[in-house]
Structure formats: structure tokens, C-alpha cells
Amino acid sequence: MKRFAILFVFLAAASLAANAQDTHWQLVRAEYGARNSWTDVTSRIASLIQRDSLDITVNNDTLGGDPAPGVPKTLRVSVRDESGREKVLSYHEKDTISLSISTSDAGFRRRAARDDDDRDRGRERDGDRRDYRRSESGLRILRADYGTQDRFADVTARLNSQIQNNILNLRITNDTMGGDPADDRRKALTVWYIYNGRAAEVVVNEKDTLTLPGSNDYISGNLRILRAQYGADYRYADVTDRINSQLQGDQFNLRITNDTMGGDPAPDRPKQLAVVYIFDGQQCRAEVNEKDTLSIPNGADCSSSTYGGDFQVLHAVYGAGGRFSDVTERVASLVSGQQLQVTVTNSTMGGDPVQGQPKQLRVIYLWQGIRYEAVTPEKGTLSIP
């Protein structure tokens, strides 16, 4: 569970390098690390940009330290192009980067002054967006969820970090997925991905092996719901299957009520439906209030759908069996820079609600409009998103 989870665009380093050389980028964010250990290096990357160019070798010295000793690391650079589209460029440790990049949109204006052809770039919007996405090559994970239908964790970034030469091969366990979001229950990994411009979906059961790309994973049509949740606060229902079952071709139009959503997960509270979906190879997001009508993909702007939306702790309890202490405020106070990392002990949780028994911390949190759940045993370390 890593920051910039829902939904990011990751490519293998080799294909990224060729694509990046032809585009001028604006820096949004950068992080360096592996597995559960990542460091924000945005300021450091910004300081290394000279005359709208970044030319570095990815290593601990360049990036100011080693966030994951003994483990091969990755640098992720979140960028925005002239048209406002955002993506994440991913580089392995020891790779050499040569990017045309700036820390503000002033770099775009300077480049436009040097290149008269930029007057044609405005044509890449709307009608041409489809061709742009389909022209991309390689493997990129749009979204990956691990758990059960009503209790799952976002592992998108974790999977993206392990793509090698446009191939991903991984046995699915609680360890490889970074934790157990649904203890004592059989889990599965659901992955939505793009390979050479084609959208695909695959479900792999716990203890089986994920191999991407697969030959039979491709999705028919242009619209597919990835995740849909209906509720309020930390009380919600997953209605993904319900929404997908009501798609009409590549369109969805429905008034959102307790009846159409199959029940009321939060009585006496105004609710909202949050939807993350693929439309024509792009990941998009929509939100609609109870009693309003959701119409997708009408007028959807998917260019920045994987960004925005603060990390927020909605509910946290610590204990065992039927005895739990509400530690929501305590856990929320530990959030720093849109990230939560804490070792779960009686001390950090403010006391021992069940003496003599092994306990666990359960956290329901909001990230980019979607609710996730994380479970960490006593003495374990929780790191989200």
C-alpha cells in the first residue's frame, strides 16, 4: 500500500525513457524506495533540475540516502505534460535519467518559444486523447486490490514497482501483498491493467501466481467499473458488481438511492457513490450524492483522476476478539505528509484493551475518494497508503 496508489500510470523504465525524451514534463512529485519503505525526494529532484533538464543516475548518493537497505530500489517521478495529463515515470536503481523537465509551467512556455510546432499540441485533447492512450506500449497497472469484496487494500504501487521488462510474475500471499486486509478469510488479488494499449482484468486467488500480461485477460468494450462504493464516513458497501451488471454498452445512467444501491449502509446519513472506472484505456473517477443521477462517461475528464483526494483516517480500533478500543483520533494524529507509518504496540495505541492476548489494529481510511482497510498485528508496522 503505497502513496499514489488508485490508480497510477506506471511503465517499465526502458519504454519510459524513449517516451520521456520526446515530451517536456512539469515535476509534480518524486519518491525513492522499495516495498514498504519510501522517501519523498521531490525537493531533491527539483534541486537537480538545471535549465529545464534532469540528467542524473539513480542511486543513494544522488537521492540523499538509502530508504531500503539491501533491497533494489525504484525512483518514481510524477509528472504533468503540456496538455495537463499526469503520469508516473518509474526508474530502477542505477538507471541514468535524461528528462526535459521543469519545476513549473514556465518551462512549457520556454519550450514553446523554441519550438513552433507546439502550436499543434492543442489538437491532442478530447478526440485525440483516445489515439494517445492506444499508442502507448508496454505494461502498466491501472489498479490492483487485494482482499475480499468488502475488505481490501490498494496494492497498485506495490505491483508496479515489481514490473521487470514489461513482465510481472508474483506469488500472491499476505507477505508479497504487504499485509492481511481480511484476516481468517480467503482473499484474492484483482488487477486491471493496460498492455500495448489494450485494457485487461485478471483475478488471482491467494497462494496462486500472478503472471502478466495474460493472453485471455482482455476486456471487451471501452467502459469497465473498477471499484464502486456507496456510503458515508467509514460505513459503506462495495457495489462494484451491481454497477457493472447495469452497464448498457459503454454507458451508465442511474439515479442513486438506497434501493438502486441494494441497501442503506449508513442509516440517517447523506450518502455518496464513488466510482473508479476505465474508459477507453484511461482510469477515471466520478462521485455523485444520494438521490442524484450518475451518468458516465459523459464529459469525463480523466487526465488527472489518479491524483487529488487527501489521505484520511476514518476509523481505527485496537484489540482482540470482541474487545476493541477506538483509537481513531490517536492514529489520525500520527499521519504525516499524507502517509501513516507506525509500529503497533500497546504504547503507540494508548493502552492494552485485552491483556494477555495478541491484538491487532484495524484501520479504515480514505484515499483518493475510495475507502480501504488495513489490518496490522501487534508488534507489526503499519505503512499506508
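The values are calculated or read from the model by the stated rules, or taken from the named source; none is laboratory data. Since the model is a prediction, treat every value here as computed from it, not as a measurement. Reconstructed Cβ throughout: ideal geometry from the backbone, glycine too, with neighbour counts over all protein chains shown.
Give the range 348-363 a look and list any residue that's assigned to a loop (DSSP other than H, G, I, E, B) and either modelled with pLDDT under 90 or among the polar types (S, T, N, Q) (or both), or say none. Correct list: 348, 355, 356, 357.
Scanning the range 140-186 for residues that are surrounded by fewer than 22 Cβ atoms within 10 Å (Cβ to Cβ) and in a strand (DSSP E or B) yields a count of 8. Taken together, the criteria exclude residue 213 from residues that are at pLDDT below 85 and either crowded, with 19+ Cβ neighbours inside 10 Å or in contact with a strand residue (DSSP E or B) (Cβ under 8 Å, 6 or more places away or on another chain) (or both). Inspection of the range 319-330 identifies no residue that is at pLDDT below 90 and of a type in the set (Phe, Trp, Tyr). Counting the residues of the range 369-385 that are in a loop (DSSP other than H, G, I, E, B) and either over 20 Å from the mean Cα position of the chain (by Cα) or farther than 17 Å from residue 147 by Cβ (or both) gives 4. Considering the range 81-104, and only residues there that are more than 19 Å from the chain's Cα centre (by Cα), part of a loop (DSSP other than H, G, I, E, B) and within 24 Å of residue 140 (Cα to Cα), the residue that is modelled with the highest pLDDT turns out to be 93. Scanning the range 257-297 for residues that are surrounded by 14 or more Cβ atoms within 10 Å (Cβ to Cβ) and either at positive phi or in contact with a Cys (Cβ under 6 Å, 6 or more places away or on another chain) (or both) yields 277, 280, 281, 282, 284. Residues that are in a loop (DSSP other than H, G, I, E, B) and under 23 Å from the mean Cα position of the chain (by Cα) were ranked within the range 59-80; the one that is surrounded by the most Cβ atoms within 10 Å (Cβ to Cβ) is 73. Name the single residue, out of those in the range 320-347 being in contact (Cβ under 8 Å) with a residue 60 or more places away in the chain and in a loop (DSSP other than H, G, I, E, B), that is nearest to residue 310 (Cα to Cα). The extreme case among them is 338. Checked against (1) in contact (Cβ under 8 Å) with a residue 24 or more places away in the chain; (2) in contact with a Lys or Arg (Cβ under 9 Å, 6 or more places away or on another chain); (3) surrounded by fewer than 20 Cβ atoms within 10 Å (Cβ to Cβ); (4) not basic (Lys, Arg), residue 201 passes all but condition (1). Give me the residue from the range 375-385 that is of a type outside the set (Val, Ile, Thr) and at pLDDT 85 or above and, out of that set, surrounded by the fewest Cβ atoms within 10 Å (Cβ to Cβ). The extreme case among them is 379. If you go through the range 231-256 and keep only what is touching an Asp or Glu at 6+ places or on another chain (Cβ under 9 Å) and surrounded by fewer than 15 Cβ atoms within 10 Å (Cβ to Cβ), you end up with 250, 255. In the range 276-293, the residues that are outside any strand (DSSP E or B) form Cβ pairs under 8 Å with partners that are small (Gly, Ala, Ser) and surrounded by fewer than 19 Cβ atoms within 10 Å (Cβ to Cβ), at six or more places apart or across chains, as follows: 281/197.
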